[in-house]
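The values are calculated or read from the model by the stated rules, or taken from the named source; none is laboratory data. As the structure is a computational prediction, the values presented were derived from the model and not from experiment. Please note: Cβ atoms are built from the backbone with ideal geometry, for glycine as well, and neighbour counts cover all protein chains shown. Side chains are part of the model used for accessible areas, which takes the heavy atoms of the whole protein and leaves out ligands, DNA and RNA. Shrake-Rupley method; radii C 1.70, N 1.55, O 1.52, S 1.80 Å.
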Amino acid sequence: QVQVVESGGGLVQAGGSLRLSCVASASAFSIETIAWYRQAPGKQRDLVAAITSGGTTNYADSVKGRFTISRDNAKNTVYLQMNSLKPEDTAVYYCNAEARRMLTARRYSYWGQGTQVTVSS
């Protein structure tokens with residue numbers, strides 16, 4: 001089984017910074033791509049940033065230049081550094097981990113419980 005746990009959300013003023021952490025713990029699985037999504041009230045869940053096990057990154061246009069995703073493979077931990085935050089960044093942020101079962105090579109997707117980020121104007 002794979003467990004995904006996020007931390008680091010909170011309340012910050014516009015222009016401020018926050019760092020989110022996501023730990024994906026698993027036995028008998030290889031953790032592949034880990035991604036951050038966000039969902040604002042009444043809106044769909046959208047991709048914010050993703051990073052592969054090899055370090056390739058992908059960002060939503062709305063956060064390019066402000067957010068940085070990084071990864072510590074030894075700890076199966078991904079960080080999302082969020083700078084120059086805007087009120088429109090307010091949302092619940094979810095971590096998603098793609099895991100491959102070592103014995104079968106079958107891939108699974110796991111979600112964390114989410115962490116609230118609120119940016120005040």
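The selection criterion, being open to solvent by 30 Å² or more (accessible area, probe 1.4 Å), over 25 Å from A105 (Cα atoms) and hydroxyl-bearing (S, T, Y), holds for S7.
For region 67-102, the set of residues classified as of a type in the set (S, T, Y), under 17 Å from D46 (Cα atoms) and more than 14 Å from the chain's Cα centre (by Cα) consists of T90 only.
Just so you know, in region 33-66 the residues that are part of a loop (DSSP other than H, G, I, E, B) and β-branched (V, I, T) include one that is most open to solvent (accessible area, probe 1.4 Å), and it is T56. Taking region 1-32 as the range and being part of a loop (DSSP other than H, G, I, E, B) and over 13 Å from G112 (Cβ atoms) as the test, the residues that pass are Q1, A14, G15, G16, S17, S27, A28. Of the listed requirements (1) more than 16 Å from V12 (Cβ to Cβ); (2) open to solvent by less than 80 Å² (accessible area, probe 1.4 Å); (3) at pLDDT 95 or above; (4) among the charged types (D, E, K, R), R100 misses just one: (3). In region 76-97, which residues are surrounded by 20 or more Cβ atoms within 10 Å (Cβ to Cβ) and not polar (S, T, N, Q)? Result: V78, L80, M82, L85, D89, A91, Y93, Y94, C95, A97. On the stretch given as region 81-121, residues that are touching a Pro at 6+ places or on another chain (Cβ under 6 Å) and not β-branched (V, I, T) total 1.
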